[in-house]
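Novice: Please see the structure below; I have some questions.
The values are calculated or read from the model by the stated rules, or taken from the named source; none is laboratory data. These figures come from a predicted structure and were not determined experimentally. We place every Cβ from the backbone using ideal geometry, glycine too, and count neighbours over all the protein chains shown.
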């Protein structure tokens, strides 16, 4: 039993695993699941107390819990919108994003207005093509499929859905992990001191 606990601690302590724990906690925070988010942020800080983003989000999460506040995020609103059918036939990413923005407003009767922002190269919006047929699915599922087909990672912000090329996201995560690892490295003198030297 004790060995399993120790092994579990080692598994969580890996920088890749900590990044996943943080990402999941942030997703819970964005979805208004503050209790789950707080558990995740605390776990990250237990193994890496200097993790800046977790230190930023944990107090905000705890404040939300104290207020008993539930936030209805853009992702939650879009998840409740049922798209009757989707039929993209070799449509450009730019065209698809414009369609999704307009469709979310139509389906919700003007209550949900989602702006779609693409932060990749401008030519990607014209060159990345989408062919997709779906019947009666939540808007968030359509967005997920579009992301898979175009190599785009979508992030839900307060008033917009922001798309970033998945390659750029992977690079940013590697830099974040490297930066976190460097900040936790113990600092030693270049030369060990001789305890017998005068």
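Residues are listed down the side, and each one gets a yes or a no for (1) surrounded by 11 or more Cβ atoms within 10 Å (Cβ to Cβ); (2) closer than 30 Å to residue 149 by Cα:
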{"position": "43", "(1), (2)": "yes, no"}
{"position": "47", "(1), (2)": "yes, no"}
{"position": "57", "(1), (2)": "yes, no"}
{"position": "60", "(1), (2)": "yes, no"}
{"position": "65", "(1), (2)": "yes, no"}
{"position": "79", "(1), (2)": "yes, yes"}
{"position": "87", "(1), (2)": "no, yes"}
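Novice: Pick from 173, 158: which is outside the structural domain of residue 94 (by TED's automatic domain parsing), under 14 Å from the mean Cα position of the chain (by Cα) and modelled with pLDDT under 95?
Specialist: It is 173.
Novice: Which of the residues spanning the range 23-53 are touching a residue at least 40 places away in the same chain (Cβ under 8 Å) and closer than 18 Å to residue 79 by Cα?
Specialist: The answer is 30, 31, 32.
Novice: If the requirement is being within 20 Å of the chain's Cα centre (by Cα), closer than 23 Å to residue 26 by Cα and modelled with pLDDT under 90, which of these qualifies: 76, 140?
Specialist: Going through 76, 140 in turn, just one is within 20 Å of the chain's Cα centre (by Cα), closer than 23 Å to residue 26 by Cα and modelled with pLDDT under 90: 76.
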